[in-house]
Amino acid sequence: MSTILRRTLPLIILALFILAAMVLMATKEAPEQKAEEADMPIIEVTEVRQETMSLNLPSYGVVMPRHKTQLVAEVQGRLTSVSPNFVAGGVVKAGDQLAVIEPSDYQADLMQAEASLAQATAALNEEIARGEVAKTEFKGYDKGVPPELGLRIPQLRKEQANVKYAEAALARAKRNLERTVIRAPFDGIVKARGVDLGQYVTLGTKLGELYDTSVAEIRLPLANADLAYLESVDNPDTEVTLTASLAGRDVVWTGDIVRSEGVIDEGNRMVYLVAEIPDPYLRKQKTQGQLPLKYGTFVNAIIKGRTEDGIVRLDRHLVREGKVPVVRSDNTLELRDVNVVRSDLNYAYIKDSLKTGERVSLTNTGTLSTGQMVKIRGEETPDSTRDSEAPSNERLAQAGDK
């Protein structure tokens with residue numbers, strides 16, 4: 001018996017362990033099941049506000065003078081004088097003497113013209129006197145009307161014509177003498193000078209180029225569709241703001257759109273508006289710290305467009321495929337179709353689609369859809385409030401039991 005017991009004891013012990021394991025497995029409790037809560041995306045929002053604003057149009061251009069002229073020689077001769085202001089960049093006033101062509105030959109021509117006029121006038125007076133004598137001689141003429149030749153009428157007309165010819169020659173000689181002095185036709189700045197002291201010039205020789213400084217012009221290109229945002233297409237009389245970087249800082253000038261060129265450019269399919277800036281070089285009035293608007297400056301322009309009510313301005317990247325992510329009052333998302341009346345490089349201008357006080361998501365919602373719950377950064381949801389209050393209630397209960 002002892003031998004049998006000794007041999008079967010391990011089997012009995014193994015069987016008891018198996019039985020105990022089966023009992024434990026049959027009586028174990030299932031773990032508490034908790035429903036998985038989907039993590040709500042956290043986004044940032046901004047409240048929008050309807051405004052009354054002008055739908056401004058951006059453009060650009062180069063500042064140029066309204067008037068520019070090539071100074072040319074109208075007489076020939078050697079340059080005997082050149083003004084110190086007649087250099088590139090020189091500032092001149094209307095009537096200023098820029099250069100002088102040797103006038104001696106034209107002074108001699110003027111003296112000859114004056115002498116010729118004196119001779120012709122004397123001959124005319126003499127012929128008038130002869131005509132009076134002829135009238136006296138023909139007083140007793142009884143054969144009809146006295147002949148014109150006898151009354152010296154053709155001779156009188158000839159001398160009158162000679163006087164007119166001499167007067168015209170004198171006027172021409174005076175003009176040529178005046179043209180030996182080259183004068184500035186308007187207040188301006190010398191763009192370039194093409195001659196120098198002692199140089200012989202002929203008719204048509206280019207002496208220099210002069211830019212008017214009273215008014216500057218800027219041609220501003222716009223897409224044909226953008227003209228719809230102006231108050232008037234036919235007469236685009238509106239303000240324009242120009243900005244350029246000068247002397248290390250941004251400088252602003254204001255001007256007016258005075259006209260449209262009215263033709264679509266074949267090269268870029270753009271329409272050009274023309275802006276004017278009075279006194280760009282500040283020759284009439286200058287305030288401290290104000291800088292002149294120099295010709296050739298590249299400027300950015302903002303053209304004032306028509307005024308619209310109820311406009312919401314949003315960063316352009318917030319509008320995707322004509323939709324804006326709006327967060328409703330219950331913190332659900334709505335991808336709303338909006339009416340974008342205009343957009344530029346930075347902003348989109350929306351009308352009749354968003355109300356004042358509505359919230360628009362600033363966070364990228366590309367993976368979200370309409371109706372999805374979101375959490376606003378900085379706001380506490382009702383669930384998180386209850387979770388934070390629960391431990392406090394449990395602590396109060398435990399304190400009461402004690």
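The values are calculated or read from the model by the stated rules, or taken from the named source; none is laboratory data. Everything numeric in this text was worked out from a predicted model, so none of it was measured. Here Cβ is always computed from backbone atoms with ideal geometry, including for glycine, and neighbour counts include all displayed protein chains. Ligands, DNA and RNA are stripped out before the accessible areas are found, and what is left, the full protein with its side chains, is counted by its heavy atoms. Shrake-Rupley method; radii C 1.70, N 1.55, O 1.52, S 1.80 Å.
Stokes-Einstein at 10 °C, 1.306 mPa s, Kirkwood radius from Cα pairs: D for segment 148-233 in µm² s⁻¹?
82
So which of Lys206/Lys304; Lys93/Lys164; Lys294/Lys351; Lys206/Lys294 end up more than 30 Å apart by C-alpha?
In this structure, Lys206/Lys304; Lys93/Lys164; Lys294/Lys351 exceed 30 Å between Cα atoms.
In Å and whole numbers, how far do the C-alpha atoms of segment 69-158 stretch along each principal axis, longest first?
81, 25, 18
Given points 7 Å out from each Cα along the Cα-Cβ axis, report the Thr370 to Leu197 separation in nanometres with one decimal.
8.4
Springs between alpha-carbon atoms under 10 Å, Gaussian network over the chain: tell me which of Ala118, Ala244, Ala88 tops the mean-square fluctuations.
Ala118
With Cβ to Cβ distances under 9 Å as the rule, what net charge do the other residues near Glu209 carry (K, R +1; D, E -1)?
With Lys, Arg at +1 and Asp, Glu at -1, the net is +4.
Which value results when the Cα radius of gyration for the chain is divided by 2.2 N^0.38 Å?
Against the compact-globule rule of thumb, the ratio is 2.27.
So how much slack lies between Ala115 and Thr27, counting 0.36 nm per residue of separation and subtracting their Cα-Cα distance, in nm?
Computed gain between Ala115 and Thr27 is 17.1 nm.
Would you mind putting 75-87, 184-196, 360-372 in packing order, based on average other-beta-carbon counts within 10 Å, highest first? Walk me through the numbers on the way to the answer.
On the way: 75-87: 16.2, 184-196: 18.1, 360-372: 14.2.
Packing proxy ranking, top to bottom: 184-196, 75-87, 360-372.
Cα axis of helix 104-137 to longest principal axis of the chain: angle in degrees, 0 to 90, nearest 10?
On a 0 to 90 degree scale, this one is about 50.
Give me the number: length gained by fully extending Thr80 to Val62, i.e. 0.36 nm times residue separation minus the C-alpha to C-alpha distance, one decimal in nm.
This chain segment gains 2.7 nm when fully extended.
Which residues does the label zone of Glu47 cover in segment 337-362, counting backbone N under 12 Å from a point 7 Å along Cα→Cβ?
Inside the label zone: 356-360.
How large a share of the accessible area of the chain, in percent, is made up of carbon and sulfur atoms when the probe is 1.4 Å and the other protein chains stay in place?
Summing carbon and sulfur atoms, their accessible area is 51 percent of the total for the chain.
Semi-axes of the equivalent ellipsoid of segment 302-358: what are they in whole Å, largest first, if each equals the square root of 5 times a C-alpha gyration tensor eigenvalue?
One finds semi-axes of 22, 13, 9 Å for segment 302-358.
Roll a 1.4 Å probe over the protein chains and send me the accessible area per residue for the chain in Å².
Using a 1.4 Å probe on heavy atoms only, each residue of the chain averages 65 Å².
Students often check this: by mean Cβ neighbours within 10 Å, which of 6-15, 172-181 ranks highest, and how do the rest follow?
172-181, 6-15
Would you mind calculating the relative contact order of the chain from Cα pairs under 8 angstrom and at least 6 residues apart, reporting the percent as a whole number?
24
Once you list every other residue whose beta carbon is under 11 Å from the beta carbon of Glu137, what net charge do they have if Lys and Arg are +1 and Asp and Glu are -1?
Local charge sum for Glu137: +3.
For helix 382-401, what angle does its Cα long axis make with the longest principal axis of the chain, in degrees from 0 to 90 and rounded to 10?
40
Pop out the Kirkwood hydrodynamic radius of segment 229-301 from its pairwise C-alpha distances, inverse of mean 1/r, in Å to one decimal.
Computed over segment 229-301, the radius equals 14.0 Å.
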